[in-house]
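Any read-out appearing in this document is the output of simple, stated calculations on the displayed coordinates, not a laboratory observation. Small disclaimer: the values here were computed from a predicted structure and weren't measured. Methodologically, a virtual Cβ is constructed for each residue, glycine included, from the backbone with ideal geometry; neighbour enumeration extends over all protein chains shown.
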Amino acid sequence: MSPLPQLIQTHQNGGTIHKYELSGGKKQFMRFIGCFDGSCKFFNDVEEATRYLETNV
């Protein structure tokens, strides 16, 4: 069973960023999830997720 996403940042507007480790074949991938108001989106790095929360929320 894969671990649950881990909270790594919260923003003053109520948004959150979580890191999530996925396995694909023989590799492990780290993805970041930006969430606000029940809507979440996957990103390749934490900077992208931060920009998403700052500009779209």
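Assorted remarks:
- Among residues of region 1-52, those that are loosely packed, with under 15 Cβ neighbours inside 10 Å and among the aromatic types (F, W, Y), counted: 2
- Against the conditions (1) charged (D, E, K, R); (2) touching a Gly at 6+ places or on another chain (Cβ under 9 Å); (3) free of Cβ contacts under 8 Å to residues at least 24 places away in the same chain, E54 satisfies every one except (3).
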